[in-house]
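Presented below is the structure to which this report refers.
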Amino acid sequence: MKRLVISAFLTTAALLPVLASAGNASAGEVYHREVNQQSRIYSGVKNNTISPSEYRNLERRETALNNARERDLRRNDGRLTPQEYRRLNARENNLSRSIYRDKH
């Protein structure tokens, strides 16, 4: 399980910079929050406060959020509209609360 977690984290960490848009501050903020949340998930798995099933659920939600961000950026020439930013921010807030609850 540890090997799976480490490889998933490293893969995500390696791909996220490639997919991030540096030209848009709100897209960059969303990206940095995703990286931070990924780190929080990894640390929870590392110290056994997040179970394997919780890990799979959080990773699935993190992937869906990343896919939505990428889709929104592609749709608008690398920019997020205010509505898309608010929607992604709300989803990140929910995911962040879930990470906290799963770790405690």
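Against the criterion of being under 14 Å from the mean Cα position of the chain (by Cα) and not polar (S, T, N, Q), Arg74 does not qualify. All conditions but one from (1) at pLDDT 90 or above; (2) in a helix (DSSP H, G or I) apply to Asn48; the one that does not is (2). Suppose we filter region 66-104 for residues that are among the charged types (D, E, K, R), in contact (Cβ under 8 Å) with a residue 24 or more places away in the chain and open to solvent by less than 80 Å² (accessible area, probe 1.4 Å); how many remain? Residues that pass the stated criteria total 5. Checking each residue in region 24-64 for being of a type in the set (Lys, Arg) and open to solvent by less than 30 Å² (accessible area, probe 1.4 Å) picks out no residue at all. When the test is whether a residue is under 15 Å from the mean Cα position of the chain (by Cα) and farther than 24 Å from Ser26 by Cβ, Tyr55 passes it. Looking across region 71-104, just one residue is part of a loop (DSSP other than H, G, I, E, B) and under 24 Å from Lys46 (Cβ atoms), and that is His104.
The values are calculated or read from the model by the stated rules, or taken from the named source; none is laboratory data. Bear in mind that the values here come from a model prediction, so they are computed numbers and not experimental data. Cβ: placed from backbone, ideal geometry, glycine included. Neighbour counts: every protein chain shown. Heads up: the accessible areas ignore ligands, DNA and RNA and are worked out on the full protein's heavy atoms, side chains in. Shrake-Rupley method; radii C 1.70, N 1.55, O 1.52, S 1.80 Å.
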